[in-house]
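A.B. asks: Structure in structure tokens, see below.
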Amino acid sequence: MTPDPTDTSLIASLRGLGTDGRTLFALRTLRMFGYGFLAVVLVLYLDAIGLDPVAIGAVLTLTLVGDTVVSLFLTTHADRFGRRRVLVLSSLLVVVAGLIFAITDWLPVLILAGIVGVISPTGNEVGPFLAVEQASLTEVVPGRRRTATFAWYNLVGSVATATGALAAGLLGQALIAAGWREVDAYRAVVVGYAAIGLFMAVLAMRLGGGIEVPPAVAVTTGDGITRLLGLGRSRSVILRLSALFSIDAFAGGFVPLSLLAYWFSLRFGVSPGALGAIFFAANILAAISALSAARIAARIGLIETMVFTHLPSNVLLILVPLMPTLPLAVAVLLARFALSQMDVPTRQSYVMAVVQPDERSAAAGVTGIARTVGAAISPSFSSVLVASAATAALPFFLAGGLKIVYDLLIYRDFRAIRPAEEAAG
């Protein structure tokens, strides 16, 4: 039976995915598993091969800068180059980065590999994948199902990240217990990350033409409007959103997943296996929160959901380093993750809703790049701060405080700009 496009329930949104939609979900699952797999051990690996905190911060920052440059080019050209081609090429860049990180400890080469390839220090999305997949999914699902589809999309990503983090922690712990040196155990995880990139490339090759810009749209929008970064009519809104998203990402960059793992290791002596379990639970809670966002947004709106669920999560983030024991710190962190991801599918859906169809990859790319730029700056500071007991709590305070500022600004500036489905409803 043909799915009813007016049915906006979560189950209908999942069942209504076609072949391309399911392939995009599978690609997201595999990639986010890889990001979680790497993030838990990345800073531990860089420390084990002899890099000092300043060098580690430089690698993390310049890796994110490189991801920004690659993303800027690929996402702003994806609608013309072909979204499938961009996804295949990006997957191969994961392979390149993983292999080089695994075979050398020379800082300049590591930085070069991070710049050219795709490495996720945060456990979150980097590179052009997210932007191109968002635009592709928007082509293959009805508009009223978009937020629910993105909620599932983020759920499978969070579950995959959690599973990857758990797998990396357990693998590292098992190899160390079997007599491997720590550096070799962590290197095995990095090699696994490169192998995941190869599987991603094979999967991306299976995508069909349904994810591309519809030919009719491509013809009718050739109206002579001057484009900047692939944006025409949508430029003003997207540049304003990008500026605000960069504040949020700059704040989040003070406490990425890899540095959270490092902080727990330094503060409480948590083992790799326990770190994997902690972040498995955190990402499962994040997955549930992302799915809940679709129901909340249907009732109160996308912008309201983004802001009103994000504010309390930021307060909880500030409280994490104030907890005197490991159980309390983990409990507050998990409570924070239970709320922190509700703004993600709503933010993604909002961006796709307020732009023209032939600007979707560029819009998602530009906003994603703004987030990457913001996130690229702060790890170079936080890696040094976390390493010192006197300043280890400061990244949490900066992150939570700046994120609260972002929430207030985005509500002030965009609460009156409604997606078509909200305005019609």
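The values are calculated or read from the model by the stated rules, or taken from the named source; none is laboratory data. Every value quoted in this text rests on a predicted model; they were computed, and no experiment measured them. No Cβ is skipped: glycine too gets one built from the backbone with ideal geometry, and neighbour counts run over all protein chains shown. These area figures cover heavy atoms from the full protein model, side chains too; ligands, DNA and RNA do not enter into them. Shrake-Rupley method; radii C 1.70, N 1.55, O 1.52, S 1.80 Å.
A.B. asks: How tilted is helix 19-48 with respect to the longest principal axis of the chain? Cα atoms for both, answer in degrees (0 to 90, nearest 10).
C.D. replies: Relative to the chain, helix 19-48 is tipped by roughly 20 degrees.
A.B. asks: Please give the solvent-accessible surface of ASP184 in Å², to the nearest 10, using a probe radius of 1.4 Å with every protein chain present.
C.D. replies: Counting only protein heavy atoms, the figure is 50 Å².
A.B. asks: Rounded to the nearest Å, what's the spacing between the alpha carbon centres of segment 47-82 and segment 177-204? Just the number, please.
C.D. replies: 19 Å
A.B. asks: Going by alpha carbons, how many degrees (0 to 90, nearest 10) lie between the helix axis of 360-377 and the longest principal axis of the chain?
C.D. replies: 20 degrees
A.B. asks: Further question on the same structure: Where the centroid of each part is defined by its Cα atoms, how far is segment 362-421 from segment 239-301 in Å?
C.D. replies: 12 Å
A.B. asks: Over all distinct Cα pairs, what is the inverse of the mean 1/r for the chain, reported as the Kirkwood hydrodynamic radius in Å? Walk me through the numbers on the way to the answer.
C.D. replies: Numbers: mean 1/r = 0.0468 Å⁻¹.
This gives a value of 21.4 Å.
A.B. asks: Report, to the nearest 10°, how far helix 107-116 tilts away from the longest principal axis of the Cα atoms in the chain, using its own Cα long axis and a range of 0 to 90°.
C.D. replies: Computed tilt is about 10 degrees.
A.B. asks: Here is a further query. Counting only protein heavy atoms and a 1.4 Å probe, tell me what percentage of segment 227-370's accessible area is made up of carbon and sulfur.
C.D. replies: 68 percent
A.B. asks: Consider just the alpha-carbon atoms of segment 59-213 and return their Rg together with their Dmax, both in angstrom.
C.D. replies: Here Rg and the maximum Cα pair distance are 16.9, 54 Å.
A.B. asks: Carbon and sulfur together cover what percent of the accessible area of segment 50-203 at a 1.4 Å probe radius? Walk me through the numbers on the way to the answer.
C.D. replies: Numbers: 3920 of 5410 Å².
Heavy-atom surface of segment 50-203 belonging to carbon and sulfur, 1.4 Å probe: 72 percent.
A.B. asks: Calculated from DSSP H runs of 4 or more alone, at -39500 (n - 2.57) each and per residue, what is the 222 nm mean residue ellipticity of the chain, nearest 500?
C.D. replies: On the way: 19 runs with 325 residues, N = 425.
Theoretical 222 nm ellipticity from helices: -25500 deg cm²/dmol.
A.B. asks: Can you give me the accessible area per residue for the chain, using a 1.4 Å probe, in Å²?
C.D. replies: 37 Å²
A.B. asks: Note down the magnitude of the dipole of segment 146-289 about its Cα centre, charges +1 on Lys and Arg C-beta and -1 on Asp and Glu C-beta and zero elsewhere, to the nearest 20 debye. Mind dumping the intermediate values first?
C.D. replies: On the way: 9 positive and 5 negative charges, 52 e Å.
The dipole of segment 146-289 has a size of about 260 debye.
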